[in-house]
Amino acid sequence: LNEVAFETGEAWAPDLRKIELVEENGELAGFLYLDLYPRPGKYGSAAHFQISSGRVKPSIWSKKKPVASAALVCSFNASRSFPLGLSSNYLLTHNEVQILFHEFGHALHSLLSRTELQHLAGTRGELDFVETPAQLMEYFALDERVLSQFAKHYITGNPIPSEMVKDLKASKSMFQAIHIQQQILFAMFDQSLFGPDFDHSAGVNSEKTNKLITKLEEIYRGFPHEKSNFWHARFTHFVSYGATYYSYSYARAFAADLWHTCFASNPLCRQAGQKYRDEILQWGGVKDPNEMLQGMLGRPLCVDAVVK
């Protein structure tokens, strides 16, 4: 990975960074654009956008193999900059680091896939599986061996303390059961909202959706719905993932098995990383996810790892 300069007119805003991805043999593999900080009118959440795909066949127009490119668009808090005079870079919370790793998992999928058809490249695969590379990268963001490579004190340069990493991991797992319940609630609301039993006559309004969420929260969350809270009205995944939000829970189970089986013992293992690329990332949406997972794991999937 090398940071490179933008071509004239290529950048769409200030504070962007352009990263060049180069293969071991020197061949250009793709470009990653980082748009990480907020500005007026910008998309306020975090997302990955595939710009171009790296297909295995040359373009019929240029006779050259297309170069993959993707953008990570986030809105990290730019006010946490280094003290004046030390650096122009920004300080990230660990939650922001985990978000960055999540979106980078999508970017790896886009940049390293090599398919014949662009509509099957990278994240353009089955929704049941597409969040798996992103969910897997979140495990790396909580591993001390990975964090010690870059998470250093901005003044002393000392790596993040082991005790702090242990506390971070403990904080992430403290309410895992509630988190799983919440994800089930999201998925069930999504399924119900787009399902055949929901009354779509005369349109969808807050009265109908609040009635539905009240019922589901009592079943899947275990405590009453707060009537003044309309959180579901601002949860945009119910639009972009309409009827398929369950895929996040699927992907979490897939990623857990991949992590504990292939990476937990050594997250920096070169051979495991190459196998992950060969068995999963390069195929985009061409191969069946079950086939890719079994190829990587060497056995059928086991979901038990999700509760570890």
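Would you tally the net charge around Gly295, using a Cβ to Cβ cut-off of less than 9 Å, leaving Gly295 out, and scoring K and R as +1, D and E as -1?
Every neighbour counted, the sum reads -1.
Ignoring ligands and nucleic acids, what accessible area does His232 show with a 1.4 Å probe (Å², nearest 10)?
20 Å²
Under a 1.4 angstrom probe, counting protein chains only, how are Ile99, Ile19 ranked by accessible area, largest first?
Of Ile99, Ile19, the descending order of accessible area is Ile99, Ile19.
Probe radius 1.4 Å, ligands and nucleic acids left out: which of Glu207, Glu144, Glu291 has the largest accessible area, and how do the rest follow?
Glu207, Glu291, Glu144
So for Cys269, Cys74, what's the accessible-area order with a 1.4 Å probe, most first?
Largest accessible area first, the residues go Cys269, Cys74.
Under the 0.36 nm per residue contour assumption, what length would be gained going from the current alpha-carbon distance of Lys208 and Ser45 to full extension?
Once the chain is fully extended between Lys208 and Ser45, it gains 56.0 nm.
Can you tell me how the chain classifies by the Cα gyration tensor, rounded, prolate or oblate, using a/c under 1.5 as the rounded cut?
Taking the square roots of the gyration eigenvalues as a ≥ b ≥ c, the chain is rounded.
Using the Cα gyration tensor of region 85-149, with a ≥ b ≥ c the square roots of its eigenvalues, what is the shape: rounded (a/c below 1.5), prolate (a/b larger than b/c) or oblate (neither)?
Here region 85-149 falls in the prolate category.
Which residue, chosen from Tyr154, Ala243, Pro133, occupies the Cα position most advanced towards the positive end of the dipole of region 131-263, where the dipole is computed from +1 (Lys, Arg) and -1 (Asp, Glu) charges on Cβ about the Cα centre?
My answer, from the dipole projection, is Tyr154.
The values are calculated or read from the model by the stated rules, or taken from the named source; none is laboratory data. Please read these numbers as outputs of a predicted model, since none were measured by experiment. Quick reminder, even Gly has a Cβ in these numbers, built from the backbone with ideal geometry, and neighbours come from all protein chains shown. When the accessible area is computed, the model is the full protein with side chains, heavy atoms only, and any ligands, DNA or RNA have been set aside. Shrake-Rupley method; radii C 1.70, N 1.55, O 1.52, S 1.80 Å.
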